[in-house]
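To start, the structure under review is shown below, and the notes come after it.
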């Protein structure tokens, strides 16, 4: 079945450091890919998405590129801020399926 | 934007009792809601898809008699954990498909069964 694998956290970085959170997936067909972020005490929020190969999703300085050849959707940001501290979830949705399949989440801690 | 309110955020109950978790869409109508469960360091696992006015669709391995889902209106879905046991302790999250066809999530419920 379909699945999403994320790097384990927590990831601890200093402010202005470069961020990469790895995400790979296994799926039949060509899923849509998503990154969600969960700030403390809040629900998951959509950060960015990509619906086909080579698409790049971007939002708030975060980027991720849909790589079909490596079945990956790594999240990157050039310069993190303390306010980026949160849990990040990679997810996919297969065509014809209503629900999302999530990875286990990666906690990011950014220190001043 | 779309908002989903989930209550309670935390609940502690005794083994053998039942617990109800509510998920409300505040400013949109949600014909479909989803219930997820998260174990520590594990993925959010889809438990069931809740459809307004009809029976929920449960994922394989989820006990429908233990996790009762009711979606009686376009703005409310409830998950009742019946005869709870310590192994039911987990983090439960609901999600609704909003009018823009995106997903809006509740903030989750931490259930502890003692």
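The values are calculated or read from the model by the stated rules, or taken from the named source; none is laboratory data. Just so it is clear, the structure is predicted and the values come from calculations on it, not from any experiment. Heads up, the Cβs are rebuilt from the backbone with ideal geometry, glycines too, and the neighbour counts pull from every protein chain shown.
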ask   = Do you know which residues across the stretch A:11-49 are within 16 Å of residue A:77 (Cβ to Cβ) and either modelled with pLDDT under 90 or not in a strand (DSSP E or B) (or both)?
value = A:15, A:16, A:17, A:18, A:22, A:39
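Could you identify the single residue in B:95, B:25 that is within 14 Å of chain A (Cβ to nearest Cβ) and under 19 Å from residue A:104 (Cβ atoms)? Lay out the reasoning, then the answer.
Numbers: B:25 fails: under 19 Å from residue A:104 (Cβ atoms).
Unique residue meeting the criteria: B:95.
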request  = Collect the residues in the stretch A:57-105 that are touching a helix residue (DSSP H, G or I) at 6+ places or on another chain (Cβ under 9 Å) and not in a loop (DSSP other than H, G, I, E, B), keeping them in residue-number order.
outcome  = A:62, A:77
ask   = If you scan the stretch B:1-27, which residues turn out to be surrounded by 21 or more Cβ atoms within 10 Å (Cβ to Cβ) and at pLDDT below 95?
value = B:4, B:25
request  = Please indicate, with yes or no, whether at least one residue in the stretch A:69-84 is surrounded by 13 or more Cβ atoms within 10 Å (Cβ to Cβ), on the phi > 0 side of the Ramachandran plot and more than 11 Å from chain B (Cβ to nearest Cβ).
outcome  = yes
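Restricting to the stretch B:96-110, what's the tally of residues that are crowded, with 20+ Cβ neighbours inside 10 Å and either modelled with pLDDT under 95 or over 17 Å from residue B:24 (Cα atoms) (or both)? Quick ask: steps written out before the conclusion?
Applying the first criterion (crowded, with 20+ Cβ neighbours inside 10 Å) to the stretch B:96-110 yields B:96-97, B:103-106, B:108-109.
Those still in the list that are either modelled with pLDDT under 95 or over 17 Å from residue B:24 (Cα atoms) (or both) too: B:96-97, B:103-106, B:108.
So the count comes out to 7.
Looking at the stretch A:44-62, is at least one residue in contact with a strand residue (DSSP E or B) (Cβ under 9 Å, 6 or more places away or on another chain), within 11 Å of another protein chain (Cβ to nearest Cβ), within 26 Å of residue B:35 (Cβ to Cβ) and free of Cβ contacts under 8 Å to residues at least 12 places away in the same chain? Before you say what the answer is, go through the steps one by one.
Of all residues in the stretch A:44-62, those in contact with a strand residue (DSSP E or B) (Cβ under 9 Å, 6 or more places away or on another chain) come to A:44-62.
From what is left, the residues that are within 11 Å of another protein chain (Cβ to nearest Cβ) are A:44-46, A:49.
Add one more test, that the residue is within 26 Å of residue B:35 (Cβ to Cβ), and what stays is A:44-46, A:49.
If we keep only those that are free of Cβ contacts under 8 Å to residues at least 12 places away in the same chain as well, we get A:45.
Within the stretch A:44-62 (the criterion being in contact with a strand residue (DSSP E or B) (Cβ under 9 Å, 6 or more places away or on another chain), within 11 Å of another protein chain (Cβ to nearest Cβ), within 26 Å of residue B:35 (Cβ to Cβ) and free of Cβ contacts under 8 Å to residues at least 12 places away in the same chain), the answer is yes, since at least one residue qualifies.
Of the residues B:18, B:77, B:83, which is more than 16 Å from residue A:38 (Cβ to Cβ), more than 11 Å from every other protein chain (Cβ to nearest Cβ) and within 13 Å of the chain's Cα centre (by Cα)? Steps first, answer last, please.
Values: B:18 fails: within 13 Å of the chain's Cα centre (by Cα); B:83 fails: within 13 Å of the chain's Cα centre (by Cα).
Step by step, each of B:18, B:77, B:83 is checked, and only B:77 is more than 16 Å from residue A:38 (Cβ to Cβ), more than 11 Å from every other protein chain (Cβ to nearest Cβ) and within 13 Å of the chain's Cα centre (by Cα).
Pull up the stretch A:85-96, narrow it to residues that are over 21 Å from residue A:41 (Cα atoms) and more than 10 Å from every other protein chain (Cβ to nearest Cβ), then point me to the one that is surrounded by the most Cβ atoms within 10 Å (Cβ to Cβ).
A:92
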message = Can you tell me which of (1) more than 14 Å from every other protein chain (Cβ to nearest Cβ); (2) without any contact (Cβ under 8 Å) to a residue 40 or more places away in the chain; (3) touching a strand residue (DSSP E or B) at 6+ places or on another chain (Cβ under 9 Å) is the one residue B:112 doesn't meet?
response = (2)
ask   = Which one is nearest to residue A:93 (Cα to Cα), of the residues in the stretch B:98-109 that are in a strand (DSSP E or B) and within 10 Å of chain A (Cβ to nearest Cβ)?
value = B:103
ask   = Of all residues in the stretch B:47-74 being within 14 Å of another protein chain (Cβ to nearest Cβ), surrounded by fewer than 19 Cβ atoms within 10 Å (Cβ to Cβ) and part of a strand (DSSP E or B), which is modelled with the lowest pLDDT?
value = B:51
inquiry  = All but one of (1) crowded, with 17+ Cβ neighbours inside 10 Å; (2) assigned to a strand (DSSP E or B) hold for residue B:30; state the number of the condition that does not hold.
reply    = (2)
